[in-house]
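Here is the structure we will look at.
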Amino acid sequence: MTGAISGILLGMLDSAVLGLVARHMFVDGVELMFAILGTVLMCAMAGAVISGPGWAVESVVMRLRPQTRPFVLTFFLAPLWTALFWLLSSGPSIAQFPLRLPIVLFTGFLSGAAWGWIIVRGSMVSRPVYRRLMALLCCVVALAMVGIDFVVLVRLYPPFHLALTVLAACLLIFSGLLGWPTRFSDRGSVRAAALVLVFVVAGGFSLGRIGQTQNIRFVICDKTATAVEVMLPVSLLVGGDLEMADESSTTESESHKQVAMARHSLKRPGATVLLITVDAMRYDRLQPGNVSDTAVAPTMNALATQSVVFERAYTPVPHTCYALASLMTGKYIRPLFYLPGVDFNQQTWPEIMADAGYVTGGFYSGSVYYVDPVKFRPLQQKNYGFTHAQVDYIELAGPKVTQTIAFLDKTRKRGIPQFAWVHLFDPHAPYRKTCTRFGTSAEQRYDCEIFNADQEIQRLLAYVEIHYPDAIIIATADHGEEFMDHGGMYHTTTLYDEQVRVPLMMRIPGVEPSRVTAPVSLVDIAGTLMSIVDIPPPAALQSQNMSDLILGRDDGQWAAYARLSRTRMVVFDNHKLIWDKATHLFQLYDLLADPGERISIAEQRPRVLRRLKRKLKDFEKSHLVMEQRPPQSTTLQPASLP
């Protein structure tokens, strides 16, 4: 009974969050009320179930002498605490600590012994005031753990959150035993058992019904602290992969049409190329034409009025290391790194340009190799294949722009084409406290750092305008940045637009400025640029040629893809599908009607869901196929993906 009540309390906390914070994510009030009631019942059931082993242990321990009870409890509790500490230390950095196992074993045994002593001493305290103070302390600590669960490492490290949930439930159960030590009478025990059975049956029924939904299950998994742990096993059993029944309405091929290369009017053989990337710049910070004092990026806004602007460009991964590696190789690097037998020393766009007679220079921070150093070491050792590179840990835009200008100035007298890339790291967190042009909040300091980078871009473009007026200029970002748009901060956690959608523009001399609304990827830049400067790309390049889009020809079949460790995304037409591979959850958003991605319509539009699932499935299967293509060069077609 104590376990069920503890579960109800945790369920009520989750329900409060659903009602106060996540109500906008439900289709209507009926969905919201069903989710709230189901959450409470599921948590009550879980509390009753997990307290069962505790009741069995208590039955054994209470028959022993008081002197031996702490030792027996230590025997039962030490493995539990060890498992919890192992889960709490499962983050990628701390998990690599060489002494993790002995420390976890020692602290687990010590905590089990201490907890066993506390339980025995607490049960022997006769004064109600002391017992209630101990119960209150347990409740406070449990609530603190729930609060940590809600706000710390949101959407990261599920084992960490599972450990916090189990600890909070155990503390609440123990506080109930301390605060309510009176045993039921025989009749009361029967009534309590019947009530617990009702909770278990009702919770199981709610769990089954919610497990058959998409949106309710997603909101519970995304926004709750306790119910998500109850929901996860059901999500794994429910299924929901990318398989689907073939239907006559969806058998039409949706691959890009095999069309000829872009017309000669787009060819610029031997043109100088300047690629500018701004770290973590959100797509909505680009406002073409806005050069006012309040603009975050006035220089880039002015450049956009002279460029082809891709209004729906996406990063393949909202993480600098993988995004830039994908940009430099023209491939979706993250899935490739997990395929058997794939060489980590991937050929890069700068290498191909150099082989074609370009002198290439890259100017960026060494921080871009921070994650997965073994996989990125081949790219790091060859500096992405640039013939000239300055890689340091200077994270201010000014020195990087100065290095780029020096490279262009030194090599322009040689009379050979140049390709220069500069990555401006300024807007990456943590943001400088002294950057207060727009205010002192984290988001305002972030905007200030974009502004500072933009000012240095103005200096770079002023030099290019004088010495390279016919240069092709590409400006973009590696990923976006979240500021509580979906309850989190920064990046690498979700595939919502604030993290994966980026600004992208290309100024090509002789090409009229325009706006492209088709979804494209950073991966597509390499193949497009090589097509424009007339360099044959390798056959394994996953980059799609955007030349037709630049010339205003859109066949309506373009799609953009992104992924994290457990989630996948495809944007096609005006819809976005996000698939959580771990929980088999699908989120479908109409980006025109719901640009903030607030309400999933996966159940309301099954035909669109099937179509995007098929696209995502085909894309998931394409990586190894592309990598196994013969190495000879080929004419790049807009339909480079199978």
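Rule-based calculations on the coordinates, nothing more; no lab input. Computed from a predicted structure; not experimentally measured. Methodologically, a virtual Cβ is constructed for each residue, glycine included, from the backbone with ideal geometry; neighbour enumeration extends over all protein chains shown.
Quick look at the numbers
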{"item": "Peptide ranges 220-233, 373-386 listed from the most packed, as the mean C-beta count within 10 angstrom indicates", "result": "220-233, 373-386"}
{"item": "Exposure proxy ranking, count of Cβ atoms within 10 Å, fewest first, for TYR463, TYR130, TYR322", "result": "TYR130, TYR463, TYR322"}
{"item": "Over 20 Å (Cα to Cα) - which of LYS267/LYS382; LYS331/LYS382; LYS576/LYS615; LYS223/LYS621; LYS581/LYS613 fall in this group", "result": "LYS267/LYS382; LYS223/LYS621"}
{"item": "Ranked list, fewest to most other Cβ atoms within 10 Å of each Cβ, for HIS161, HIS479", "result": "HIS161, HIS479"}
{"item": "Ordering of 405-418, 78-91 by packing [mean C-beta count within 10 Å, highest first]", "result": "78-91, 405-418"}
{"item": "Antiparallel bridges, percent of DSSP beta bridges restricted to segment 274-550 (to nearest 5)", "result": "30 percent"}
{"item": "Prolate/oblate/rounded label for segment 355-417 (Cα gyration tensor, a/c 1.5)", "result": "oblate"}
{"item": "Degrees separating the helix 69-88 axis from the principal Cα axis of the chain, which is the longest one", "result": "10 degrees"}
{"item": "Estimated [θ] at 222 nm from DSSP helical runs (n ≥ 4, -39500 (n - 2.57)) normalised by residues in the chain, nearest 500", "result": "-16000 deg cm²/dmol"}
{"item": "Nearest 10 degrees, 0 to 90: helix 128-151 Cα axis against the chain principal axis", "result": "20 degrees"}
{"item": "Gyration tensor verdict on the chain (Cα atoms; rounded if a/c is under 1.5, prolate if a/b is larger than b/c, oblate otherwise)", "result": "prolate"}
{"item": "Which of ARG121, ARG445 has the fewest Cβ neighbours within 10 Å, and the rest in rising order", "result": "ARG121, ARG445"}
{"item": "Segment 93-175, relative contact order [Cα under 8 Å, separation at least 6], %", "result": "31 percent"}
{"item": "Peptide ranges 570-578, 195-203, 530-538, 327-335 listed from the most packed, as the mean C-beta count within 10 angstrom indicates", "result": "327-335, 570-578, 530-538, 195-203"}
{"item": "Antiparallel content of DSSP bridges confined to the chain, in %, to 5", "result": "50 percent"}
{"item": "Degrees between helix 320-329 axis and first principal axis of the chain (Cα, 0 to 90, nearest 10)", "result": "30 degrees"}
{"item": "Charge-dipole axis of segment 458-549 as Lys and Arg at +1 and Asp and Glu at -1 on Cβ define it, positive-most pick from PRO509, GLN542, ILE474", "result": "PRO509"}
{"item": "Cα gyration tensor shape for segment 2-238, rounded if a/c is under 1.5, else prolate or oblate", "result": "oblate"}
{"item": "Any cysteine of the chain lacking a neighbouring Cys Cβ under 4.7 Å - listed by number", "result": "CYS43, CYS138, CYS139, CYS170, CYS221, CYS321"}
{"item": "Net charge dipole size for the chain [Lys, Arg +1 and Asp, Glu -1 on Cβ; Debye, nearest 20]", "result": "1860 debye"}
{"item": "Relative contact order (%) - criterion: Cα under 8 Å, at least six apart; region: segment 274-550", "result": "34 percent"}
{"item": "17 Å Cα-Cα reach of LYS413 towards aspartates and glutamates, excluding residues that sit fewer than 8 places from it in its own chain", "result": "GLU465, ASP470"}
{"item": "Mean separation of Cα contacts under 8 Å (6+ apart) over length of the chain, as relative contact order %", "result": "17 percent"}
